[in-house]
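Worksheet for the structure shown next.
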Amino acid sequence: MFGIVVATHGEFGKELVATLRMILGESEGIKAIALLPSESLESFKEKLEETLKKVDPKNRGALVLVDMIGGTPFNVALLTAQTHKLQIVTGVNLPMLVKVATSQDEKNLETLALETQKVTREGIMTSVELLKK
């Protein structure tokens, strides 16, 4: 099973994980970390590394879901991926989190990341599209 870290600006990720628990119940190997306004890049990197130890104690690999490309959580995850087995997916949202929480047993971390991206893109619709169907 792969670990999952939701890394976001502010408490957004923690609220997503709390909502996930409301939907699926307790999910093993999933934690959220928040980048706080007073936090440095270095302290956030330490927080990510400590969280990775908790969600991926066997060093099998982890998926890091971040809120936006180019932001500090993304940049720190990218730096951390140089020394840890990570895949990073941007644009975290609730359907994405449900997908990964129900797919943690995927055999390949890269496949899990790509499938998560695909399923999440397919799940974004407008009312115009829905009404045309």
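The values are calculated or read from the model by the stated rules, or taken from the named source; none is laboratory data. Note that the structure is a prediction, hence the values are computed from the model and not measured. Glycine gets a Cβ as well: all are built from the backbone with ideal geometry, and neighbour counts include every protein chain shown.
The table that follows gives values for the structure above.
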{"quantity": "Sole residue being of a type in the set (Asp, Glu), more than 21 Å from Thr19 (Cα to Cα) and outside any helix (DSSP H, G or I), chosen from Glu106, Glu115", "calculated": "Glu106"}
{"quantity": "Matching residues in the range 81-132 - criterion: being closer than 23 Å to Glu50 by Cα and among the acidic types (Asp, Glu)", "calculated": "Asp105, Glu110"}
{"quantity": "Positions within the range 1-54 being in a strand (DSSP E or B), over 20 Å from Ser103 (Cβ atoms) and either aliphatic (A, V, I, L, M) or free of Cβ contacts under 8 Å to residues at least 40 places away in the same chain (or both), in sequence order", "calculated": "Ile33, Ala34, Leu35"}
{"quantity": "Members of the range 75-96 that are without any contact (Cβ under 8 Å) to a residue 60 or more places away in the chain, part of a helix (DSSP H, G or I) and either of a type in the set (S, T, N, Q) or surrounded by 19 or more Cβ atoms within 10 Å (Cβ to Cβ) (or both)", "calculated": "Asn75, Thr80, Met96"}
{"quantity": "Residues satisfying the stated conditions in the range 21-35, i.e. within 19 Å of Leu48 (Cβ to Cβ) and at pLDDT 95 or above", "calculated": "Ile30, Lys31, Ala32, Ile33, Ala34, Leu35"}
{"quantity": "Residue list for the range 51-62, filter: in contact with a helix residue (DSSP H, G or I) (Cβ under 6 Å, 6 or more places away or on another chain) and closer than 18 Å to Gly13 by Cα", "calculated": "Ala62"}
{"quantity": "Members of the range 4-59 found to be out of contact with any Leu (no Cβ under 8 Å at 6 or more places or on another chain), within 20 Å of Thr80 (Cβ to Cβ) and basic (Lys, Arg), listed by number", "calculated": "Lys14, Lys31, Lys47, Lys53, Lys54, Lys58"}
{"quantity": "Lys107 vs. criteria of a type in the set (D, E, K, R), free of Cβ contacts under 8 Å to residues at least 40 places away in the same chain and out of contact with any helix residue (DSSP H, G or I) (no Cβ under 7 Å at 6 or more places or on another chain)", "calculated": "yes"}
{"quantity": "Scope the range 97-133; condition hydrophobic (A, V, I, L, M, F, W, C) and surrounded by 12 or more Cβ atoms within 10 Å (Cβ to Cβ); matching residues", "calculated": "Leu97, Val98, Val100, Ala101, Leu109, Leu112, Ala113, Leu114, Val119"}
{"quantity": "The range 106-133, subset closer than 23 Å to Ala62 by Cα and of a type in the set (A, V, I, L, M, F, W, C), residue modelled with the lowest pLDDT", "calculated": "Val119"}
{"quantity": "Matching residues in the range 56-73 - criterion: being hydrophobic (A, V, I, L, M, F, W, C) and either surrounded by fewer than 19 Cβ atoms within 10 Å (Cβ to Cβ) or part of a loop (DSSP other than H, G, I, E, B) (or both)", "calculated": "Met68, Ile69"}
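Residue-by-condition table, conditions (1) under 12 Å from the mean Cα position of the chain (by Cα); (2) not basic (Lys, Arg):
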residue	(1), (2)
Lys14	yes, no
Lys58	no, no
Asp105	no, yes
Gln117	yes, yes
Lys132	no, no
